[in-house]
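*Asks:* Handing you a structure now.
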Amino acid sequence: MATAAAPIARSKRGGHTSSSSAAALFYPFRALGYITESAPFAVQRRGTESFVTVSAGKAWQIYNCDKLRLVMVGPQFPADITALAAKGDLTFAGVGRDIVVCRRAHRVCTLEGHAATVTHLFAFGTNLISVCAGGRVLSWDMSRDAIDHLDGHRSGASKRAADLAKVSMATDKAQNTQDDLDSNDADNSKGEQGDDKDTDTDTDEGDAGKPRPSEFILPDGFECTAVCHPDTYLNKMLLGSSDGRLLLLNIVTGRNVHIFLPEAMGNTSGAAVTTLENSPALDTMAVGLSSGRVLIHNILFDKRVVDFGHDGSGKPVRCCSFSSGQGEPMLAVGGDSGTVSVWSLEGKRLRSLITGAHDGAVVAAHFFPGQPVLMTAGGDNAVKQWIFDNQDGSARLLRFRAGHSAPPTHVTFYGEGKRLLSAGGDRALRVFSTIQDQQSKELSQVNVERRAKKLKLAEQELKLPPIRGIAWCEVRERDWANVVTCHVGEPRAYTWRLSNGVLGEHVLVPPSKVGRDGVSDKGKPVCSVAVSACGNFAVIGTEGGDVHRFNLQSGQHRGAFKRTAAEEGKTAETTSAPTGPRRQLNLRGGARSIWNMADKSYGMSGSGNARTAPAHVGAVAAIATDGSNKQVITGGSADGMVRVWNFAAQHLEGEMDTGCGVQLMSLHKPGALVAAAGVDMVVRVLDVAGMRRVRSLKGAKTPVRALEFSSDGRWILAATIDGAVLVWDVPAARLLQTMRMSADSPVVGLSLSPAMDMLATVHEGRRGVYLWANSQMYSAAPLGHATSAAATPAKGVNEDGEDDQDEEDEDNQENKGGAGSRRGEVYCDLPRLHAEVNDGGEIVLGASASDDDEAGDDDAGDAETQREKKKQTREKAAAAALSVRPDFPEPAAPGLATMALLPRTQWLGLLHLDTIRERNKPIAPPEKPKDAPFFLPTTAGLDRNPVFDLEADTGDDDGEGADAARSRILTANGEGGGDVEGVLLRLLRRGKTNAEAAEDASLSKATPAYSTAKAAKAKGKSSRGTKRGAADANDAGGGGGEGQGLADVTPAPGGPYAEAMAHLRKQGPSALDAEIRALGPWDVTTMTDADADELADVLDFFAAEIPSGRNFELLHALLAHFLRVHGTALAERERLRIRAERVRTAARKAWSGLDQLMQEVRCALGFFGGQHGQ
């Protein structure tokens, strides 16, 4: 019997509250690489297309089944999704014990009623059937009216029906007497008490509008584990139990129609039912068991039809699907073994076997109606489609979307930062696009699928070992392999063609050594790789200390980097190239033979200058090549040496002793600086040109596992084993910030984009790649303002900026406790699958984290109260940040130019307006709008169709309304109107007035007599009848002269012309062109003095704003367009030419200062990069 369970449904219109701190240098942006998790997908057909809804951790995603393109991403939930169902625009997701209802991408409500985790959801008509881990089965009313009521709005038909019901009830009340009403109320109360005998009565008035789920009373010991609807069985559901029984249930009456015993179905062992699937044949169902068997049972006669054994592994069956349409009827079965078995229903035999279809369990399978296409989803983070069109009846992979099946451990930005390379424990090298998910793919390892099918093995067993190092260069991407990887335990390095997405044709194998006993050494595993800046060579290092060079085009060995005996005995001296005689091979060509010239590693004589010693004692921890192909830098993990080699001659140029083993290295190629992380948890910055240490950066409390140098050379980022991400300022030798990017998933790899706008991280136990936005790139607050509280000088650097080795050694033990332990750490939540609308209010750039911390300390109250408090805290922080933030960025220092930070098209379009207008010319003439009554007022706008202002007071033509109505075009100057004056001109003159007032105020403070004379002069000055006089009168507000309030004038934050600049920044190219053309005369031959005054005011504006350095590119674009439009008019008047000369002087001075700074920086970079004189 159906009973009403406790109804609880709370509104979820808001977004998920993030706890990420606004003071972090990097805030969460989005996550890449999540396709599907362990929850089965839900497929539905909308029109002519099919869509599949999959779970991706804490959010769901919808893909178009035709090409598996991402269509929609749902909101973020507080826990992982355990069950999914879809119906029309509604998506139901089981999250823990709750069911979240979403309409498209917006949350409608949360249904609460289960005491355990929701495991199954099934949309059946207007009802939603939910099953929890405890076997409890509930039914929810999900009709359109119920959802509209929960969503806060109702359809027009529902509203009309409700209005008619109200009218009908009012009529009945008017016709009935009070006695009848009392009796009806008594009858209704009795009926309600009778109906609620078996229901939960602990409800209040607030739950009256919430859905009341119905709970079904199941037989004793029946724990539901699967649910399905048999076709043509009206209002019937088939439930599977953990003891092997099946139950046919009527969801309307709640009656148990029939119980199918496991013995009758052939399930003598009583194995649990794991899945139920309806077949195209009536009354026939597929029953999957935990014993690995599949039973085809006729529920009409309670008779078994056939019994299949799946793949023989004995692992539980998780999903089944029947094919339909023409062709041989098939049944696809998937289970925990990762294999999909396809059975022929006509022949009752195994048709084909897809071995290793997924690396994990196959959690869902679906045959598309009328097509021989099967879609499967597995626990390996992949959705695949298989088509049965081979001659032998087997399936081939048609299309798929997949991410990492195991957590990645390495990540690096490729090229300009639009793509990412990642690798991990799944033995795959993947490329992710940060712009379009459809471009993400896995690089092929050449016929792995075919070989696995031939050998009857899983693809995972034939893949290369896990990757331990990645190196790339995009210069030769289209010519040959440009990516090199080293793998765990592999004595060779592999090349990859990124343009084709396949494994390269060459394998880089170091030459083997022959020992004294004549046995060839197979070589040590390769542990580090690097690719030259030209893209022609690859340098690899082994665990034996050898460093070899290979040609990527041919794959041939091109020498090794070795030391002489004298260099091997010295540990800290720079040696010259060996000058000993070379051994001549007896080959044709003599000394100039290509064989003798290539024999640089083993062609030396047996003297002391022969280079026979390996590059390092022990493993080569890291290799880096400079940007000019002149040097190779290597670091040893055992000897602690950082050595610099000549790239062409392959001899040692110098070495630096770090005092401890080197774990990681990162090279800043333009500045010739290399960061080396040692086992002592100190990051040392070494100058390759000067062969000395320049910085020692401390603060890490555990060893470093990932290291990155920023492209501008100012920051060094390091991820430690304890999960902290530390950011150092290299020039200042300061620890800027320590971030915790996840409470339970420490960072194992990171990479900073070349533009420094994005940070990519990979985390332990998570299969995605997470992107973080650099707050310093999108915030107007300077770096020192956001990080001054957490920035402290690093140990090991004295006041002069030089390294102090003695101080470092003395304080080494003290810093092991961690200077970072005394600094405050910033905690951030992991990014979501996408940025939601509500996230904008949660991130306040440049704000302090103290408010968030205070809000987080109060744990009292329910979740809604906490969310409301956090929302108020964010609003306060946003208001505080906006109150001190100017409308446009101010120069960092006097004399520096500051960009407007506007879209490039907004100011660049002024130079190409004619081309833009020609391109945007309408093809057809505009349609004439419908005639409207002349008396309806309209609102101002650029749309050609009128927008009527219904709230405006038209008044009478000869009454007070006519006097109150003011023209939107003419300025007030007398009774009949005034001169035409645009908004820009009015703001420019207001700014000029502010500039003159500020200048007078400064002079009056310097000379008090000037103030008295200025006030006396203002008394005798009369207002002029021109446009300038009208504007001055309007700006004055009807009172006061020029001398009023001189001592109270304070400089505005954006200068006297701040309002005019704010107005110009909001305009597009066409609007700016219209504003500029509205100034001055329409015809130069008829220019008046008033027109000349307008142009003079504009020139004064440029002369005042250009030296300030604000809005550099916007001002020069406006000036160029102004001169192009009004250049002829400026040449007609002498005073205009004088002002134009003043503007030219200011522009030339601003550009000369900027050009000088740029030349100094260019020369400095060329000098330190070794490119001067080229």
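The values are calculated or read from the model by the stated rules, or taken from the named source; none is laboratory data. Quantities reported herein were computed from a predicted structural model and do not represent experimental measurements. A quick note on method: Cβ atoms are made from the backbone with ideal geometry, for glycine too, and the neighbour counts reach across all protein chains shown. Surface accessibility is based on the protein's heavy atoms, side chains included, excluding ligands, DNA and RNA. Shrake-Rupley method; radii C 1.70, N 1.55, O 1.52, S 1.80 Å.
*Asks:* Among what's in the stretch 387-397 and is in a strand (DSSP E or B) and open to solvent by less than 60 Å² (accessible area, probe 1.4 Å), pick the residue that is farthest from Trp772 (Cα to Cα). Outline the logic, then answer.
*Replies:* Our first condition is that a residue be in a strand (DSSP E or B); within the stretch 387-397, this holds for 387, 396-397.
When the remaining residues are screened for being open to solvent by less than 60 Å² (accessible area, probe 1.4 Å), the result is 387, 397.
Details: Ile387: 39, Leu397: 35 Å.
Of everything passing the filter in the stretch 387-397, Ile387 is farthest from Trp772 (Cα to Cα).
*Asks:* Picking from Glu449, Glu490, Glu505, which residue would you name as being touching a residue at least 24 places away in the same chain (Cβ under 8 Å) and farther than 30 Å from Asp546 by Cα? Give the derivation first.
*Replies:* Working: Glu490 fails: farther than 30 Å from Asp546 by Cα; Glu505 fails: farther than 30 Å from Asp546 by Cα.
Answer to the selection: Glu449.
*Asks:* Any residue that is closer than 16 Å to Val137 by Cβ, touching a residue at least 40 places away in the same chain (Cβ under 8 Å) and of a type in the set (Val, Ile, Thr) - is there at least one of those in the stretch 278-290? Don't jump to the end; show me each part of the working.
*Replies:* Just the residues of the stretch 278-290 that are closer than 16 Å to Val137 by Cβ, to begin with: none.
Scanning the stretch 278-290 turns up no residue that is closer than 16 Å to Val137 by Cβ, touching a residue at least 40 places away in the same chain (Cβ under 8 Å) and of a type in the set (Val, Ile, Thr).
*Asks:* OK, next. Going through the stretch 212-241 one residue at a time, which ones are over 13 Å from Val137 (Cβ atoms) and open to solvent by 20 Å² or more (accessible area, probe 1.4 Å)?
*Replies:* Matches in the stretch 212-241: Arg212, Asp220, Gly221, His229, Asp231, Thr232, Tyr233, Leu234, Asn235, Lys236.
*Asks:* I would also like to ask the following. Identify, from the list Gly768, Gly796, Gly784, Gly749, the residue that is at pLDDT below 90 and buried (at least 21 other Cβ atoms within 10 Å of the Cβ).
*Replies:* Working: Gly768 fails: at pLDDT below 90; Gly784 fails: buried (at least 21 other Cβ atoms within 10 Å of the Cβ); Gly749 fails: at pLDDT below 90.
That would be Gly796, the only listed residue that is at pLDDT below 90 and buried (at least 21 other Cβ atoms within 10 Å of the Cβ).
*Asks:* Further question on the same structure: Got at least one residue in the stretch 513-521 being under 21 Å from Pro614 (Cα atoms), without any contact (Cβ under 8 Å) to a residue 60 or more places away in the chain, aliphatic (A, V, I, L, M) and buried (at least 20 other Cβ atoms within 10 Å of the Cβ)?
*Replies:* Of the residues in the stretch 513-521, the ones under 21 Å from Pro614 (Cα atoms) are 513-521.
Checking which are without any contact (Cβ under 8 Å) to a residue 60 or more places away in the chain leaves us with 513-521.
Checking which are aliphatic (A, V, I, L, M) leaves us with 514, 519.
Then keep just the ones that are buried (at least 20 other Cβ atoms within 10 Å of the Cβ); that gives none.
Within the stretch 513-521, none of the residues are under 21 Å from Pro614 (Cα atoms), without any contact (Cβ under 8 Å) to a residue 60 or more places away in the chain, aliphatic (A, V, I, L, M) and buried (at least 20 other Cβ atoms within 10 Å of the Cβ).
*Asks:* Moving on. Answer yes if at least one residue in the stretch 428-443 is at pLDDT below 90, part of a loop (DSSP other than H, G, I, E, B) and not hydroxyl-bearing (Ser, Thr, Tyr), and no otherwise. Walk me through how you get there before you give the answer.
*Replies:* Step one: filter the stretch 428-443 for residues at pLDDT below 90, giving 435-439.
Next, only the ones that are part of a loop (DSSP other than H, G, I, E, B) stay: 435-436.
Those left that are additionally not hydroxyl-bearing (Ser, Thr, Tyr): 435-436.
Within the stretch 428-443 (the criterion being at pLDDT below 90, part of a loop (DSSP other than H, G, I, E, B) and not hydroxyl-bearing (Ser, Thr, Tyr)), the answer is yes, since at least one residue qualifies.
*Asks:* Something else now. Within the stretch 296-313, which residues are open to solvent by 50 Å² or more (accessible area, probe 1.4 Å) and closer than 22 Å to Ala458 by Cβ?
*Replies:* Gly312, Ser313
*Asks:* Could we say that Leu90 is within 26 Å of Ser433 (Cα to Cα) and at pLDDT below 95 here? Spell out the reasoning first.
*Replies:* On the way: within 26 Å of Ser433 (Cα to Cα): no; at pLDDT below 95: yes.
No; evaluated as a whole, the condition is false for this residue.
*Asks:* Let me ask you something else. If you go through the stretch 403-427 one residue at a time, how many are in a strand (DSSP E or B), open to solvent by 20 Å² or more (accessible area, probe 1.4 Å) and within 26 Å of Lys67 (Cα to Cα)?
*Replies:* Going residue by residue through the stretch 403-427, those that are in a strand (DSSP E or B) are 408-414, 419-424.
Still in the running and open to solvent by 20 Å² or more (accessible area, probe 1.4 Å): 409-410, 412, 419.
Add one more test, that the residue is within 26 Å of Lys67 (Cα to Cα), and what stays is 419.
Residues flagged as in a strand (DSSP E or B), open to solvent by 20 Å² or more (accessible area, probe 1.4 Å) and within 26 Å of Lys67 (Cα to Cα) within the stretch 403-427 amount to 1.
*Asks:* Follow-up question, since we're still on this one. Report every pair of residues separated by at least 6 positions or lying on different chains whose Cβ atoms are under 6 Å apart, first residue within the stretch 38-57 and in the same structural domain as Gln76 (by the TED database), second open to solvent by 70 Å² or more (accessible area, probe 1.4 Å) and small (Gly, Ala, Ser).
*Replies:* Every condition considered, no pair remains.
*Asks:* Can you tell me which residue among Val431, Val446, Val483 is closer than 25 Å to Arg69 by Cα and touching a Leu at 6+ places or on another chain (Cβ under 7 Å)? First the steps, then the outcome.
*Replies:* Details: Val446 fails: closer than 25 Å to Arg69 by Cα; Val483 fails: closer than 25 Å to Arg69 by Cα.
Of the residues listed, the single one that is closer than 25 Å to Arg69 by Cα and touching a Leu at 6+ places or on another chain (Cβ under 7 Å) is Val431.
*Asks:* Inside the stretch 89-113, can you point out the residues that are part of a loop (DSSP other than H, G, I, E, B) and either over 15 Å from Leu150 (Cβ atoms) or touching a residue at least 60 places away in the same chain (Cβ under 8 Å) (or both)? Write out each step before concluding.
*Replies:* Let us first name the residues in the stretch 89-113 that are part of a loop (DSSP other than H, G, I, E, B), namely 89, 96-97, 104-105, 113.
Selection gives Gly96, Arg97, Ala105, Gly113.
*Asks:* Could I ask something else about it? Here is a list of conditions, (1) out of contact with any strand residue (DSSP E or B) (no Cβ under 9 Å at 6 or more places or on another chain); (2) within 21 Å of Ile129 (Cα to Cα), and Asn256 meets all of them except one; can you say which number that is?
*Replies:* (1)
*Asks:* So, of the residues in the stretch 523-563 that are farther than 18 Å from Ala622 by Cα and part of a strand (DSSP E or B), which turns out to be most open to solvent (accessible area, probe 1.4 Å)?
*Replies:* In this case the residue turns out to be Arg558.
*Asks:* When you look at Ser742, is it within 18 Å of the chain's Cα centre (by Cα) and surrounded by fewer than 24 Cβ atoms within 10 Å (Cβ to Cβ), yes or no? Before the answer, list the steps.
*Replies:* Details: within 18 Å of the chain's Cα centre (by Cα): yes; surrounded by fewer than 24 Cβ atoms within 10 Å (Cβ to Cβ): yes.
When the stated conditions are applied, Ser742 passes them.
*Asks:* Mind counting the residues in the stretch 251-275 that are open to solvent by less than 20 Å² (accessible area, probe 1.4 Å) and assigned to a loop (DSSP other than H, G, I, E, B)?
*Replies:* 5
*Asks:* For the stretch 331-354, name all the residues that are in a loop (DSSP other than H, G, I, E, B) and crowded, with 18+ Cβ neighbours inside 10 Å. Quick ask: steps written out before the conclusion?
*Replies:* Step one: list which residues in the stretch 331-354 are in a loop (DSSP other than H, G, I, E, B), which gives 336-339, 345-348.
Asp336, Ser337, Gly338, Thr339, Leu345, listed by residue number.
*Asks:* On to the next question. So which of Thr658, Thr612 is at pLDDT below 90 and either acidic (Asp, Glu) or surrounded by fewer than 23 Cβ atoms within 10 Å (Cβ to Cβ) (or both)?
*Replies:* Numbers: Thr658 fails: at pLDDT below 90.
The match here is Thr612.
*Asks:* Only one of Asp307, Asp302, Asp336 is under 26 Å from Leu247 (Cβ atoms) and touching a helix residue (DSSP H, G or I) at 6+ places or on another chain (Cβ under 7 Å). Can you tell me which? Outline the logic, then answer.
*Replies:* On the way: Asp307 fails: touching a helix residue (DSSP H, G or I) at 6+ places or on another chain (Cβ under 7 Å); Asp336 fails: touching a helix residue (DSSP H, G or I) at 6+ places or on another chain (Cβ under 7 Å).
Exactly one residue qualifies, and that residue is Asp302.
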